[in-house]
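Colleague: I'd like to ask you about the structure that follows.
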Amino acid sequence: MTRVVVVGDLMTDAVARAAFPLAKGGDTPANVTMHGGGSGANIAAWLAVEGIESAFIGRRGADIAGRNRDMELMGYGVDARLVMDPERPTGTCVVMVTHKGDRTMLSDPGANAALLPEDIPQDLFGPGAHLHLSGYSLLNEGSRKAALHAMQLAQKAQMSITVDGGANSHLKRAGAEPFLEWTQGAGLLFVNSSQAEVLTGRDNPEQAAKVLAAWYSQVVVKMEAEGALWLDNRGSEPVRVPAEPVEEIADGTGAGDAFIAGFLPGWLDGKPPAESLANGCRLAARAISHLGARPIL
Ligand SMILES: Nc1ncnc2c1ncn2[C@@H]1O[C@H](COP(=O)(O)OP(=O)(O)OP(=O)(O)O)[C@@H](O)[C@H]1O
Ligand SMILES: [Mg+2]
């Protein structure tokens, strides 16, 4: 089975769930919990618990949060290759969930924004391995050179490469054209519907996927409760799979990361897209049924 190398961000997520409507300028009782996070690290963790050999390359602070995040990844069985930043703290994301369940994130990348090309360990790049590059690493100017370097190493080693859209707001700031250029070399792009719209100007996910298929051999669009769709550039019919029903969404954070980890193994094994999409939706449903973006051990 293919070994997966993930290059991306590592964060601490502070999830605050308000019990009542937010008292602006005041104090609102909430349930506040701390979790391991970061899109790239989440994907590596979900892959490892699915029995896939996974490595994660990223940067942490020389702080207790960084040590905890490192140990957590090892606990999942991830080969964590974290470089310690002497100055910047481990990244932190404040996830605010209103009493109605709407989610707003405030993220401070900290050490993630200083990932350098020399932080990418070459020994992980070789034939038979796959690179998944988190869009966050490309979209953040500070880590972009390292992300592009990882893509070059993977191409030299003839590895397959997938990339994701990171976050809607970051994509908007960076611009569609630069992102499409940076990610040439990736065989498959994962985006959610909003990212697909930012990249193509189309609010219909299927239309957007068709436009994106001019840039990538294969495209997967994640569509929240609508599930996900896959399309290739060979003119075949798009494949759609519905989302798995979820009784109660405890915390939507990390659904997209779990989806990618669920999709990749089957896809790398050459299974039909419908099977990989369904497996993505299965892990995504697990991720949103509990608090935090990572699997529960
Ligand atoms: N409300 C929901 N009900 C059921 N499944 C859902 C729901 N929201 C998300 N999912 C599942 O999670 C997957 C990924 O979610 P989404 O489309 O929001 O991607 P994303 O934006 O990348 O993820 P995130 O919101 O975690 O950043 C969906 O394809 C679906 O399988
Ligand atoms: Mg989403």
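The values are calculated or read from the model by the stated rules, or taken from the named source; none is laboratory data. Since the structure is predicted, the reported quantities are computational estimates derived from the model, not experimental observations. Counting neighbours? That spans all protein chains shown, and the Cβs are built from the backbone with ideal geometry, glycine included. Side chains included, ligands, DNA and RNA excluded: accessible areas come from the protein's heavy atoms. Shrake-Rupley method; radii C 1.70, N 1.55, O 1.52, S 1.80 Å.
Colleague: Could you check, for the stretch 167-178, whether at least one of its residues is within 16 Å of ligand 1 (Cβ to nearest atom), among the aliphatic types (A, V, I, L, M) and touching a Ser or Thr at 6+ places or on another chain (Cβ under 6 Å)?
Modeller: No: zero hits.
Colleague: Quick check on my filter: what residues within the stretch 233-243 are free of Cβ contacts under 8 Å to residues at least 40 places away in the same chain and near ligand 1 (Cβ under 10 Å from one of its atoms)?
Modeller: Correct list: P242 only.
Colleague: Does D27 meet the test of being in contact with a Ser or Thr (Cβ under 8 Å, 6 or more places away or on another chain) and either farther than 28 Å from G77 by Cβ or not in a strand (DSSP E or B) (or both)?
Modeller: In short, no.
Colleague: Just one of the numbered conditions (1) open to solvent by less than 50 Å² (accessible area, probe 1.4 Å); (2) closer than 22 Å to A258 by Cα is not true of M71; which one?
Modeller: (1)
Colleague: With respect to A41, determine if the residue is closer than 23 Å to H290 by Cα, surrounded by 21 or more Cβ atoms within 10 Å (Cβ to Cβ) and either at pLDDT below 95 or not aromatic (F, W, Y) (or both).
Modeller: The answer is yes for A41.
Colleague: Applying the selection to the stretch 266-297, what residues are buried (at least 21 other Cβ atoms within 10 Å of the Cβ) and within 16 Å of G40 (Cα to Cα)?
Modeller: G280, L283, A284, A287, A293, R294 - these are the residues of the stretch 266-297 that are buried (at least 21 other Cβ atoms within 10 Å of the Cβ) and within 16 Å of G40 (Cα to Cα).
Colleague: Given the conditions (1) part of a helix (DSSP H, G or I); (2) touching a Pro at 6+ places or on another chain (Cβ under 7 Å); (3) more than 16 Å from ligand 2 (Cβ to nearest atom), and given that Q158 satisfies all but one, which numbered condition is not satisfied?
Modeller: Among (1) part of a helix (DSSP H, G or I); (2) touching a Pro at 6+ places or on another chain (Cβ under 7 Å); (3) more than 16 Å from ligand 2 (Cβ to nearest atom), Q158 violates only (1).
Colleague: Would you point out the residue of the stretch 180-197, among those that are part of a helix (DSSP H, G or I) and buried (at least 23 other Cβ atoms within 10 Å of the Cβ), that is nearest to ligand 1 (Cβ to nearest atom)?
Modeller: Checking each candidate, the answer is Q195.
Colleague: Further, regarding this structure: Of everything in the stretch 200-243, what is within 16 Å of ligand 2 (Cβ to nearest atom), surrounded by fewer than 22 Cβ atoms within 10 Å (Cβ to Cβ) and assigned to a helix (DSSP H, G or I)? Give them in sequence order.
Modeller: E224, A225, E226
Colleague: OK, next. Any residue that is open to solvent by less than 20 Å² (accessible area, probe 1.4 Å), of a type in the set (A, V, I, L, M) and over 24 Å from A176 (Cα atoms) - is there at least one of those in the stretch 130-148?
Modeller: No, there is no match, as no residue in the stretch 130-148 is open to solvent by less than 20 Å² (accessible area, probe 1.4 Å), of a type in the set (A, V, I, L, M) and over 24 Å from A176 (Cα atoms).
Colleague: From the list L283, L277, exactly one residue is in contact (Cβ under 8 Å) with a residue 60 or more places away in the chain, in a helix (DSSP H, G or I), among the hydrophobic types (A, V, I, L, M, F, W, C) and within 9 Å of ligand 1 (Cβ to nearest atom). Which is it?
Modeller: The match here is L283.
Colleague: Please verify whether V15 is crowded, with 16+ Cβ neighbours inside 10 Å, hydrophobic (A, V, I, L, M, F, W, C) and without any contact (Cβ under 8 Å) to a residue 60 or more places away in the chain, treating the condition exactly as stated.
Modeller: no
Colleague: I want to confirm something. Restricting to the stretch 53-95 and keeping residues that are β-branched (V, I, T) and in a strand (DSSP E or B), which single residue is modelled with the lowest pLDDT?
Modeller: V95
Colleague: Condition check: of a type outside the set (G, A, S), surrounded by fewer than 23 Cβ atoms within 10 Å (Cβ to Cβ), within 10 Å of ligand 1 (Cβ to nearest atom) and under 28 Å from Q207 (Cα atoms). Does V246 satisfy that?
Modeller: yes
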